[in-house]
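All remarks here apply to the structure that follows.
The values are calculated or read from the model by the stated rules, or taken from the named source; none is laboratory data. For clarity, every value in this text was computed on a predicted model and none was experimentally measured. Positions of Cβ are generated from backbone atoms using ideal geometry, with glycine treated the same way; all protein chains shown enter the neighbour counts.
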Amino acid sequence: MTVATRLRAVSWTGIAPVLAIAVLGLTWGRVLPGLLALAVAAILAAAVMAAVHHAEVIALRVGEPFGSLVLAVAVTVIEVGLIVTLMVDGGPEAASLARDTVFAAVMITCNGIVGLSLLIGAIRFGLTLFNAEGSGAALATVATLATLSLVVPAFTTSEPGPVFSEAQLAFAALASLALYVSFVITQTVRHRDFFLPVVVNGHAAEHAEPPSARAAWISLGLLLVALVAVVGLAKVESPAIEASVAALGFPLSFVGVVIALLVLLPETIAAVRAAHRNRIQISLNLAFGSAIASIGLTIPVIAVASIWLDVPLELGLGATQMVLFALTIVVAALTVVPGRATRLQGSVHLVLLAAFLFLAINP
């Protein structure tokens, strides 16, 4: 990358958060016409990209596996903000929005990000290598969190429908938070080596040079600005998102898929970049870490918001979603256990993602 290109990148990622905050101030509380809504959507996307860029800068400064953790938390903050704003504005019709978004995030991370990273890594290097211990522990955490929060509500009997009672919801929220904290401690303190890139032939995989402390602090400030802008602009854009989904004839539940695709796109790019540098473990850290954060942090916040604001909340998955989730966990386990993967594993995961997207449009 040339010096000029670097300057353009820095300039763009520095301007986007500030511009987004300015646009937020001008559009807050207003109903946007079509073209203006598209322009604001473009600025929103730029702010999301800038937010994750700055999170990546901080990640490079603090090192792995803390870096993947920073990225996952940044993305989850955006996701929670989007869900809460749409839930508050959507009323009873948005009761299943949190479930749809969280499940979409799990499918996109465990199939989309994992599959794309494995496929690119295998095409470039022939065979992808990673730590089965760390990836297996992360996958087990994802499976437990998703089952407790998204599968169990479909079978409880305290309340009619796929919902938890307040006591059950509180338990699920506390269990999710406890599992998330336990995973973070395992990843960053007790067994950090399980989540570091694999050493191949005596050499660690290629990695980028860490930025200066000054650059990291600047990125921290811009990250906070970008996160505020993203959450605010999401509220401004929420009517346009729902109207677009309805105009295409897609189910209302597809709004959750749109949210997940939006917030996970930059992280997908970061994972692909890591896979291109033969750092598959970092890609898996990003994928599984995002899924864990998406459930472990989102469910507690959504639970509190649901009880406090008296907003209806449906968490239980449907039969088709449960089948896709079960198949995803089985396939992911078979992918992770050997500690290495080929193009085939990547392709299988991507086909599962395609099946999820197709059935989300045609349930």
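Determine, yes or no, whether A229 is at pLDDT below 85, of a type in the set (A, V, I, L, M), crowded, with 24+ Cβ neighbours inside 10 Å and closer than 15 Å to T109 by Cα.
Values: at pLDDT below 85: yes; of a type in the set (A, V, I, L, M): yes; crowded, with 24+ Cβ neighbours inside 10 Å: yes; closer than 15 Å to T109 by Cα: no.
No; evaluated as a whole, the condition is false for this residue.
If you check S290 against the conditions, is it touching an Asp or Glu at 6+ places or on another chain (Cβ under 9 Å), polar (S, T, N, Q), closer than 24 Å to A143 by Cα and part of a helix (DSSP H, G or I)?
Details: touching an Asp or Glu at 6+ places or on another chain (Cβ under 9 Å): yes; polar (S, T, N, Q): yes; closer than 24 Å to A143 by Cα: yes; part of a helix (DSSP H, G or I): yes.
Yes.
In the set F288, F325, which member is under 18 Å from L116 (Cβ atoms) and not polar (S, T, N, Q)? Working first, answer last.
On the way: F325 fails: under 18 Å from L116 (Cβ atoms).
Answer to the selection: F288.
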Discussion item. Residue under question is T268, and the condition is that it be under 27 Å from A59 (Cα atoms) and assigned to a helix (DSSP H, G or I); does it hold?
Written reply: yes
Within segment 267-283, of all residues that are among the charged types (D, E, K, R) and surrounded by fewer than 19 Cβ atoms within 10 Å (Cβ to Cβ), the one farthest from D193 (Cα to Cα) is R273
Filter segment 100-153 for residues that are of a type in the set (A, V, I, L, M, F, W, C) and in contact with a Lys or Arg (Cβ under 8 Å, 6 or more places away or on another chain); the one that is surrounded by the most Cβ atoms within 10 Å (Cβ to Cβ) is L118
Selection from segment 102-155 of residues more than 20 Å from L69 (Cβ to Cβ), of a type in the set (S, T, N, Q) and touching a Ser or Thr at 6+ places or on another chain (Cβ under 9 Å) yields N111, T128, S149
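Give me the residue from segment 334-346 that is exposed (fewer than 14 other Cβ atoms within 10 Å of the Cβ) and touching a residue at least 24 places away in the same chain (Cβ under 8 Å) and, out of that set, nearest to the chain's Cα centre (by Cα). Outline the logic, then answer.
First, the residues of segment 334-346 that are exposed (fewer than 14 other Cβ atoms within 10 Å of the Cβ): 334, 337-338, 344.
This time we only want the ones that are touching a residue at least 24 places away in the same chain (Cβ under 8 Å), so: 337-338.
On the way: V337: 23, P338: 25 Å.
In this case the residue turns out to be V337.
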Those residues of segment 284-327 which are over 19 Å from V77 (Cβ atoms), surrounded by fewer than 24 Cβ atoms within 10 Å (Cβ to Cβ) and either among the aromatic types (F, W, Y) or within 17 Å of the chain's Cα centre (by Cα) (or both) amount to F325
Next item on the list: May I ask you to verify whether S176 is in contact with a Ser or Thr (Cβ under 9 Å, 6 or more places away or on another chain), of a type in the set (S, T, Y), surrounded by 17 or more Cβ atoms within 10 Å (Cβ to Cβ) and under 21 Å from L97 (Cα atoms)?
Entry: yes
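Can A22 be described as modelled with pLDDT of 80 or more, assigned to a helix (DSSP H, G or I) and buried (at least 24 other Cβ atoms within 10 Å of the Cβ)?
Values: modelled with pLDDT of 80 or more: yes; assigned to a helix (DSSP H, G or I): yes; buried (at least 24 other Cβ atoms within 10 Å of the Cβ): no.
Judged against the criteria, A22 is not a match.
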